[in-house]
Amino acid sequence: MTFELFLFYVFGAILLGSALALISVRNPVHAALFLVLCFFTAAAIWLLAEAEFLAIVLVLVYVGAVMVLFLFVVMMLDINLARLREGFTEYLPAGLVVAAAMATVLTLVITRFVTMDPPERAGPEYANTLELGRILYTEYVYPFEIAAAILLVAIIAAIALTMRRRPDTKYLDPAEQVRVRRADRVRLVSMRSEPKAAGTKDDGSEQGKNNEGA
């Protein structure tokens, strides 16, 4: 067994363990941290497969941006876990169907990988980023466009779910602010100054002294 194969088995075991912990833990923050560990180990396996670009993108995009945002959202929101578990049995059939479909696809991919001839190791002049872009935008351009459309629909759906009209929410209308004039907000009042007569305070104090003497 070579050292490269030993590292592959080590990272593969860590990846499987963190994936099982991800779907079994009850705390969503712990689940997000286990998902980060899955991403790191997957990036390490891609490095062993000489796919440096995919490994760097996985760490930068998912670990550095998506998972950090997810952790902030999970820790800042008060998530009612009991309410989330109420609909588990309701969505269980759909979840089993999706799990069976994913297992079938993975089985087909693994079977094809096992039966196919091993590829030749590329030389130092090989650039996997160039080959990835060439295959992605030529052979798999239609699946790529479909995935982009699905992600766009998901983004619009997430925005639509958060755009709720709440009567107690205060918000500003930029167009109304632009149309504001000074006469609508400021009113100048002309008042005549009336100074107090000189000696009024002193007269009162003298009168008080006279009353005390009496």
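A short reminder: the numbers here are calculations on the coordinates, not readings from a lab. These numbers were taken from a predicted model, which means no experiment stands behind them. Methodologically, a virtual Cβ is constructed for each residue, glycine included, from the backbone with ideal geometry; neighbour enumeration extends over all protein chains shown.
Starting from the Cα of PHE144, step 7 Å toward the Cβ, then list every residue of the range 30-56 with an amide N under 20 Å from that point.
Answer for the range 30-56: 51-56.
Contour minus end-to-end for LEU20 and ARG112, with contour as 0.36 nm per residue of separation and end-to-end as the Cα-Cα distance?
Additional length available on full extension: 30.6 nm.
What relative contact order, as a whole-number percentage, does the range 1-80 give when Cα pairs under 8 Å and 6 or more residues apart are counted?
In percent, rounded to a whole number, it is 28.
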